[in-house]
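Note sheet for the following structure.
The values are calculated or read from the model by the stated rules, or taken from the named source; none is laboratory data. The structure presented is a predicted model; accordingly, all values stated were derived computationally and were not measured. So basically every Cβ, Gly included, is an ideal-geometry build from the backbone, and we count neighbours across all protein chains shown.
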Amino acid sequence: MALILISMLFNYIIGNSLNTTKKKISNKHLLIFGIFTNLSLLAYFKYYDFFISNINYIFNTNLTLLHLLLPLAISFFTFQQISYLVDSYKQETKEYDFLNYAFFVSFFPQLIAGPIVHHKEMMPQFLSKFSLVIKHKNIALGIFIFIIGLFKKVYIADKLAIMSTNGFNASQALNTLEAWTTSLSYTLQLYYDFSGYTDMAIGIALLFNIKLPINFNTPYKALSIQDFWKRWHITLSKFLRDYIYIPLGGNRVPEGRIYINPNDYFFIRWHGAGITFIFWGFLHGFALIINHIWKRLNIKMNKYIAWFLTFNFINITWVFFRADNFEQALNIIKKMFIYQGFHVDIYVIKYILANTLASDKLIAILFVSFILSIFFKNSIELMQNFKPNYKNSIFILTLALVSILEMHQVSEFLYFNF
């Protein structure tokens, strides 16, 4: 609480200063100071121990680690306030009320894990008198999308977590099919976990007549890596595009620089303090370079082949995102591509399953969740076509009942770690 309050007060002062004409420091230097301070705070809490541990390893030193706890939501409120400073520098914002600014930064539905919102898209909603009116359609729609998100999280993501967690923990003992099952279960767990949280945030906000931006648009339907990042964590991609990629020159720079920018972009994007995260970011940056070259050569590819290649690239690279270290990641990748044998029956992956649930049920959840993510409408599309009728009432009450009955074990949102 102290950290976010200090951060809000600092950025509020800097933002207001950027909007005033009489000051001794130029706007450019003030903006640089504000961004540097925000990133320094983020780096200290998130990456200090990571850098020190690597210095100790490289130079054989014994510097003390601080073992810092990661402050809740620090990445999200940092990015959000940096965008506010940049918009203030461009004279696109005016904010003279600290309470309003604090409300913008700490709006609780999306504070913890997004979507990342911009000052200019939220403040008009907060200040509108129509936000104070009880709108029954928004309440019904908010409950509808919230329950879908809750079901995604507690019934799908948390069940897939059983397979992915035990699979990664037993990486050396997996056979080929088990390795693929492990990687696929994490790929789907991550999607349903994060998109489930986003749906719940959107639903809660609607109860207050506030519309949050869309953050996911069936990313596993993507036909290219560029298409994937237009569909996955959309608000972060938009933030990095507007405040990192375009300022670096985007696609308007010389030919050679076009192929460097994507890796700059993904180096900044990496989520956690670990070499595997950096490598994951490098792989996606490199894939974007290939994507740029492919588009410039104007080569056409069958859409089914394009989907197959894109999905499997994403599925394989998520292994590095999830793994505790390179050894664990390479164990699973090796088992996926070097035949280790498997048994052809429904209990083939029972080695990596928890005893609390029958293996055939988990396999069914894995299969159905994959089908839902590829062939069916996503929650945003369902929300757009929502009508408060008996059919939807029965549907959402069923999901609510199933979700509540599954809320008997402690779980966490994966992105709370980032």
Hey, I234 aliphatic (A, V, I, L, M), at pLDDT 70 or above, under 30 Å from S379 (Cβ atoms) and touching a His at 6+ places or on another chain (Cβ under 9 Å) or not:
no
Could you identify the single residue in N62, N56 that is in a helix (DSSP H, G or I), free of Cβ contacts under 8 Å to residues at least 12 places away in the same chain and farther than 30 Å from E121 by Cβ?
N56
Identify the residue in the stretch 311-334 that is of a type in the set (D, E, K, R) and more than 18 Å from the chain's Cα centre (by Cα) and, among all such residues, is nearest to N166 (Cα to Cα).
D324
Pick from L39, L72, L111, L30: which is of a type outside the set (D, E), modelled with pLDDT of 90 or more and either under 26 Å from P213 (Cα atoms) or in the same structural domain as P247 (by TED's automatic domain parsing) (or both)?
L39
Which of the residues that make up the stretch 287-324 are in a helix (DSSP H, G or I), over 30 Å from S171 (Cα atoms) and of a type outside the set (S, T, N, Q)?
I289, I290, H292, I293, W294, K295, R296, K303, Y304
Just to be sure before I move on: is K152 among the basic types (K, R), more than 30 Å from L18 (Cβ to Cβ) and surrounded by 23 or more Cβ atoms within 10 Å (Cβ to Cβ) in the structure I sent?
yes
Within the stretch 305-320, is there a residue that is surrounded by fewer than 17 Cβ atoms within 10 Å (Cβ to Cβ), farther than 30 Å from F413 by Cβ and modelled with pLDDT under 85?
no
Within the stretch 22-37, restricting to residues that are polar (S, T, N, Q) and in a helix (DSSP H, G or I), the one that is nearest to the chain's Cα centre (by Cα) is T37
Working carefully through the options S7, S17, S40, find the one that is under 23 Å from F277 (Cα atoms), polar (S, T, N, Q), assigned to a helix (DSSP H, G or I) and out of contact with any strand residue (DSSP E or B) (no Cβ under 8 Å at 6 or more places or on another chain).
S40
Taking the stretch 24-38, which residues are in contact (Cβ under 8 Å) with a residue 40 or more places away in the chain and closer than 12 Å to I82 by Cα?
L31, G34, I35, N38
Of the residues S26, S75, S88, which is of a type outside the set (K, R) and touching a Leu at 6+ places or on another chain (Cβ under 6 Å)?
S88
Looking at the stretch 366-395 only, could you name the residues that are in a helix (DSSP H, G or I) and farther than 21 Å from N217 by Cα?
Y390, K391, N392, S393, I394, F395
Mind listing whichever residues of the stretch 75-103 are at pLDDT below 85 and in contact with an Asp or Glu (Cβ under 8 Å, 6 or more places away or on another chain)?
T93
Members of the stretch 217-231 that are in a helix (DSSP H, G or I) and either more than 13 Å from I289 (Cα to Cα) or not assigned by TED's automatic domain parsing to the domain that holds L382 (or both):
P219, Y220, K221, D227, F228, W229, K230, R231
